[in-house]
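Some notes on the structure that comes next.
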Number of protein chains: 2
Amino acid sequence: MGPGSVGFALKERQKVSNIGEFGLIERFAARIGASPKGETWAGDDAAVLRSPGSTLLYTTDLLVEAVDFDMGYASGADIGWKALAVNVSDVAAMGGRPHHAVVGLGLGDDCLVETADGILDGLLAAASRWDVQLVGGDISRASALVLYVALIGVAEAEPVRRSGARPGDAICVTGALGGAAGGLALLRGDAAVEASARRRLVARQLRPEARLEEGRRLAALGATAMIDVSDGLIGDLLHLLDASETGCVVVPEEVPVDPDLIPLREVLDPIEAALTGGEDFELLFTLADDTVPQARASLAELGTPVTRIGATQEGSRFLGDRPLSAAKEVGWDHLRAR
Amino acid sequence: MGPGSVGFALKERQKVSNIGEFGLIERFAARIGASPKGETWAGDDAAVLRSPGSTLLYTTDLLVEAVDFDMGYASGADIGWKALAVNVSDVAAMGGRPHHAVVGLGLGDDCLVETADGILDGLLAAASRWDVQLVGGDISRASALVLYVALIGVAEAEPVRRSGARPGDAICVTGALGGAAGGLALLRGDAAVEASARRRLVARQLRPEARLEEGRRLAALGATAMIDVSDGLIGDLLHLLDASETGCVVVPEEVPVDPDLIPLREVLDPIEAALTGGEDFELLFTLADDTVPQARASLAELGTPVTRIGATQEGSRFLGDRPLSAAKEVGWDHLRAR
């Protein structure tokens, strides 16, 4: 930040309607950078890329203002970071590596250029974090802010699908759960905690990490099925069990609860948050039971705990002594009327 | 349409909030169909694909209600068709072939399930038309309807970029221009024409064709630069000239005007519509002057006219005897305040 930064910042308080779609595209293209010989990124009808491998992974996620984030508490950079992180998390849950992303942005006429620039800041920070190259995109006017990323990745080994769990596999999860829901409660002003716990919980909501290296190591160790925890542990476990056509016994007491939730327990039940909160972007996976110690040791090198929360079985699905399906309806479903 | 179709149709008049995000995703996944061995389409964290080639093309376009379409005159199927067609057109303008698409959809709670199903009808119809496979996507709540497609294609030969025009090349365009703008004027009720002309003009606006086979043939014939006419002839020509760092002389009388615009001339200047109307999705390209007859003959086999509208040159840019830049500001710019 040099002496000119104040004048620069003031200049950026113009609205996107003042510089137009093409003005904004030029700003974005300039920051995407120069493509290597043989590739063409922004600035043509389509990006030209060398294929990163023979088996591609392809995913997209859409974030909508007032549904997936609130401009009252999320900055442009937060939104940009999260839009890329949630896509990287999808590639992580296949055991793959992300490569090339396109981005789409719908902006109101009154949106400030500095908000649009902030979104790109967040996208580029996350892209740098996980070695993703932004190669193009589209910008349109919109009544509410919408942001999406579509991400191409590569599977170096066989991708880990949701459908490979066999009865008798251990069910495990990385990290701790419920923190993103706790961060949301804090941002909404429903609760208060001391500063360092607040910082960690809010970061879980606004700046999620994707468990990318963890996913690759779990794939190499032979994880039989994997999914990222975006809708909530129960909801995502049901997706995995449905795809694998198998039952389970999960021990609720074994589910790793984010310890920062404890001081919040009068406004948010920590177990409930861990089971259904969603957006933690931890990896939920199944694995041969005797490989769990190896998985735990390998991910410990990354500072990431692995917790065995139960096992798959033929037939019924239990959470403790209750049918898992009884808990299904409390999952994270954007569209269902609440 | 069997005897049960009325009951079926009535049942479909429920709102998307009644069936929820996952209910809608299941409906979509069921219609995407089964993936071949080794691939996985909908139903996992990311789609798993065999790479279609060593050089990929990657593009995306976002359509927003009340900006890019109006639900007062566009059906769900129209919107779905157009969202895919405009992406295919981008791949066509590189001389490539489209392969795999992901789709994102933001829907209001009050959106009817039949509208969402209609969008998928249109997407699948366009996908079938151009041999594209839908392999996944995302659905969210939103205040206005938003729809995007991200499309992976392949370049079998060297992609035709915007940047390859050399001074002395012929500047050519496929088909006729201005029809999409004429269709929009009719849909908005600004004008009336006889039924068959109306049908053709409205189709140019709501059901655009991508010049896919034309693009591949022009690439094979050595087109030096190419772009699709989405922003309007002048705007897209400027994009091409900027990328190629070259000037031009374009003869306005040579620009092929959609003949259906003639009866509309009291409300819409046909030349103005052809120069600046946008969304015609014809191909604008440059080519060695002595190859124009071959291009004309090759595309005549597809029923598509090729018109030489001028030539590139060193230095200045002219439209007739006026600087081309004087016409720049009337291009199609979604964000610029009008």
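All of the numbers you see were taken from the coordinates with simple rules; none came from a lab. A quick note: this is a predicted structure, and the numbers were derived from the prediction, not measured. FYI the Cβ positions are ideal-geometry reconstructions off the backbone, even for glycines, and counts take in every protein chain you see.
3J(HN,Hα) along segment B:278-287, derived from phi through the Karplus expression 6.51 cos²θ - 1.76 cosθ + 1.60 where θ = phi - 60°, amounts to x, 6, 7, 6, 7, 9, 9, 8, 10, 7 Hz, with x in place of Gly and Pro. Going from the residue with the fewest nearby Cβ atoms within 10 Å to the one with the most, B:ASP321, B:ASP169 rank B:ASP321, B:ASP169. For the protein assembly as shown, the Kirkwood hydrodynamic radius comes to 26.3 Å, computed from all pairs of different C-alpha atoms.
Taking other C-beta atoms within 10 angstrom as a stand-in for reagent exposure, A:ILE19, A:ILE171 fall in the order A:ILE19, A:ILE171, fewest first.
When both segment B:15-84 and segment A:68-123 are represented by their alpha-carbon centers, they are found 20 Å apart. Phi angles of segment A:34-39 translate, via the Karplus equation with coefficients 6.51, -1.76, 1.60 and θ = phi - 60°, into HN-Hα couplings of 7, 7, x, 3, x, 10 Hz per residue; Gly and Pro are given as x. Nearest-to-axis residue in chain A, judged by Cβ distance to the rotation axis that brings A onto B and given in whole Å, is A:ALA150, 2. Taking GluC sites (Glu not before Pro) as candidate sites, keep only those in a DSSP loop with at most 14 other Cβ atoms within 10 Å, then name the longest stretch of chain A containing none of them. After excluding every exposed loop site, the longest remaining stretch is A:13-193.
Considering only B:GLY303, B:GLY137, B:GLY96, the Gaussian network model of chain B with Cα springs below 10 Å gives its largest mean-square fluctuation to B:GLY303. Ascending distances from the A:GLU156 label point to its copies in the other chains, with the point 7 Å along the Cα-to-beta-carbon line: 3.3 nm. For A:ALA288, the distances from its label point to the matching points in the remaining copies are 6.2 nm, ordered from shortest, with each point set 7 Å beyond Cα toward Cβ. Given R0 = 35 Å, the distance between the Cβ atoms of A:SER54 and B:ALA220 translates into a calculated FRET efficiency of 0.85. Ascending distances from the A:PRO305 label point to its copies in the other chains, with the point 7 Å along the Cα-to-beta-carbon line: 7.3 nm. Each label was represented as a point 7 Å from its Cα along the Cα-to-Cβ direction; for B:SER163 and B:ILE271 these points are 3.5 nm apart. For A:SER128, project a label point 7 Å along Cα to C-beta. Then give me every residue of segment A:96-119 with its amide nitrogen under 17 Å of that point. Only A:117-119 fall inside the zone, counting backbone N under 17 Å. Largest GNM mean-square fluctuation among B:GLN133, B:GLN294, B:GLN313, using chain B with Cα springs under 10 Å: B:GLN294.
Using a Gaussian network model of chain A in which every pair of alpha carbons under 10 angstrom is joined by a spring, one finds that among A:LEU287, A:LEU324, A:LEU151 the greatest mean-square fluctuation is at A:LEU324.
At q = 0.19 Å⁻¹, what log₁₀ I(q)/I(0) does a Debye calculation on the Cα points of segment B:170-330 give, no solvent, two decimals? Normalising to I(0) and taking log10 leaves -1.17. Computed from label points 7 Å out along Cα-Cβ, the spacing between B:VAL251 and B:SER316 is 1.9 nm. Ordering A:LEU237, B:LEU112 by the number of other Cβ atoms within 10 Å of each residue's own Cβ, fewest first, gives B:LEU112, A:LEU237. Which net charge results when you count Lys and Arg as +1 and Asp and Glu as -1 among the other residues whose beta-carbon is under 13 Å from that of B:ARG296? Once positives and negatives cancel, what remains is -2. Residues whose amide H lies under 5 Å from that of B:SER140, counting only those 5 or more places away or on a different chain, are B:LEU105, B:GLY106, B:LEU107; hydrogens are built 1.01 Å from N in the peptide plane. Percent of Cα-Cα pairs more than 25 Å apart in segment B:13-154, please. That tail contains 24 percent of the Cα-Cα pairs.
Taking Lys and Arg as +1 and Asp and Glu as -1, the other residues whose beta-carbon sits under 11 Å from that of A:ASP258 total -1.
With a cut-off of 8 Å between alpha carbons and a minimum separation of six or more residues, what is the relative contact order of chain B in percent?
Over chain B, the number comes to 21 percent.
Whole-Hz Karplus values for segment A:219-235 come out as 4, 5, 7, x, 3, 8, 8, 7, 8, 8, 7, 10, 8, x, 4, 5, x Hz, taken residue by residue from phi with 6.51 cos²θ - 1.76 cosθ + 1.60 and θ = phi - 60°; glycine and proline positions read x.
Taking amide H atoms as placed 1.01 Å from N in the peptide plane, the amide H of B:LEU319 lies under 5 Å from those of B:VAL250, B:LEU324, each 5 or more residues away in sequence or on another chain. Shown for chain A is the translational diffusion coefficient from the Stokes-Einstein equation, using the Kirkwood radius over Cα pairs, a temperature of 4 °C and a viscosity of 1.567 mPa s: 61 µm²/s.
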